[in-house]
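S.K.: Please find one structure pasted underneath; my questions will follow.
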Amino acid sequence: MSVLEKVSSQKLMLVALTLLVVYPLAVIAARLELWHFRNSFLLFIVAALVSFVILAMGLLKLSKGDKSDTPALAIAIIATLLPLSTLGSYVYKAQKYPFIHDISTDLVHAPQLLAAAKVRLESDHSVEYLASEVAALQQKGYNLAPLLVSHKPAQVFNVAKALMQHKGWELLAFENLQYPFTLEASHTSLLFGFTDDIVLRIQATEEGSQVDMRSMSRVGKSDMGVNAKRIQTFLSELAAGLK
């Protein structure tokens, strides 16, 4: 008797449903800091490998089994396809975007994360901008530039601060008494609780103001495009808010 024949359709379904529960539990454990988030990622990989085996066995049994096995096998297949497709999308993003976690509109003199440096842990990334490591990768993956507007820095500062508050970002510090004006904030993701630090720098120009922005993850090697998207979205919304 082959392995495929020894494992019943009901067992495959139960294992698939059990694995389906593993993913949210791993997220909750990381979110509550019961263990390091890397342990959750490792659990995801193990669960995904087992899920793939269950999926393959389920499809084979479905092609050879009788109709009475169909409901259990269908549940097993669906229960494994859902997390596998989700994890597959994350793998795709990891391959699609540059393997960096620090994004800035100024690749030479990036805005400084002064307030973030005070709240980061020893295990977090340093806030030092490593232009030699990230600038070239960023240019290959993203097309980011400072925002140039005709408004005075004070007006830009007020609109930017209100926008940050509207987005629910935690304001860490700000400077609007001497140039350049700055706004520092942080944003924490919903699922894993990953925190990214953000700084906005507003400099006066002859025509109005130049706005530079930097967004940097505290942990992880790749941000899967999150920081660049945040900068693009924020500067676009800021420009719209100034019209």
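The values are calculated or read from the model by the stated rules, or taken from the named source; none is laboratory data. Since this is a predicted model, take the numbers as computed values, not measurements. Here Cβ is always computed from backbone atoms with ideal geometry, including for glycine, and neighbour counts include all displayed protein chains.
S.K.: Scan (1) basic (Lys, Arg); (2) under 30 Å from His36 (Cβ atoms); (3) at pLDDT below 95 for the single condition Lys140 breaks and write down its number.
M.R.: Every listed condition holds for Lys140 apart from (2).
S.K.: Given the criterion in a loop (DSSP other than H, G, I, E, B) and polar (S, T, N, Q), identify the matching residue among Gln155, Gln138, Gln178. Working first, answer last.
M.R.: Working: Gln155 fails: in a loop (DSSP other than H, G, I, E, B); Gln138 fails: in a loop (DSSP other than H, G, I, E, B).
Only one candidate qualifies: Gln178.
S.K.: Another question, if that's okay. If Ala239 meets every condition in (1) among the hydrophobic types (A, V, I, L, M, F, W, C); (2) in contact (Cβ under 8 Å) with a residue 24 or more places away in the chain; (3) closer than 30 Å to Asn39 by Cβ apart from one, which number is that one?
M.R.: (3)
S.K.: Could you say which residue among Pro111, Pro98, Pro153 is on the phi < 0 side of the Ramachandran plot, of a type outside the set (A, V, I, L, M, F, W, C), modelled with pLDDT under 95 and surrounded by 14 or more Cβ atoms within 10 Å (Cβ to Cβ)?
M.R.: On the way: Pro111 fails: modelled with pLDDT under 95; Pro153 fails: modelled with pLDDT under 95.
It is Pro98.
S.K.: Take Phe192 and decide whether it is under 25 Å from Ser40 (Cβ atoms), among the aromatic types (Phe, Trp, Tyr) and in contact (Cβ under 8 Å) with a residue 60 or more places away in the chain.
M.R.: Spelling it out, Phe192 is indeed under 25 Å from Ser40 (Cβ atoms), among the aromatic types (Phe, Trp, Tyr) and in contact (Cβ under 8 Å) with a residue 60 or more places away in the chain.
S.K.: Does Ser63 satisfy the criteria of being free of Cβ contacts under 8 Å to residues at least 40 places away in the same chain, outside any helix (DSSP H, G or I) and hydroxyl-bearing (Ser, Thr, Tyr)?
M.R.: Values: free of Cβ contacts under 8 Å to residues at least 40 places away in the same chain: yes; outside any helix (DSSP H, G or I): no; hydroxyl-bearing (Ser, Thr, Tyr): yes.
No, not satisfied.
S.K.: If I filter the range 199-218 down to residues being in contact with a Ser or Thr (Cβ under 9 Å, 6 or more places away or on another chain) and not in a strand (DSSP E or B), which single residue comes out as surrounded by the most Cβ atoms within 10 Å (Cβ to Cβ)? Spell out the reasoning first.
M.R.: Looking only at the range 199-218, we keep the residues that are in contact with a Ser or Thr (Cβ under 9 Å, 6 or more places away or on another chain), and these are 199-203, 207-209, 211-218.
Still in the list and also not in a strand (DSSP E or B): 207-208, 218.
On the way: Glu207: 10, Gly208: 16, Arg218: 19.
This residue is Arg218.
S.K.: Residue pairs, Cβ under 7 Å, 6 or more apart or interchain, first in the range 106-125 and in the same structural domain as Val219 (by TED's automatic domain parsing) and of a type in the set (D, E, K, R), second surrounded by 15 or more Cβ atoms within 10 Å (Cβ to Cβ) and in a helix (DSSP H, G or I). List them.
M.R.: none
S.K.: Among the candidates Ala154, Ala162, which residue alone is in contact with a strand residue (DSSP E or B) (Cβ under 8 Å, 6 or more places away or on another chain), of a type in the set (Gly, Ala, Ser) and not assigned by TED's automatic domain parsing to the domain that holds Ala29?
M.R.: Ala154
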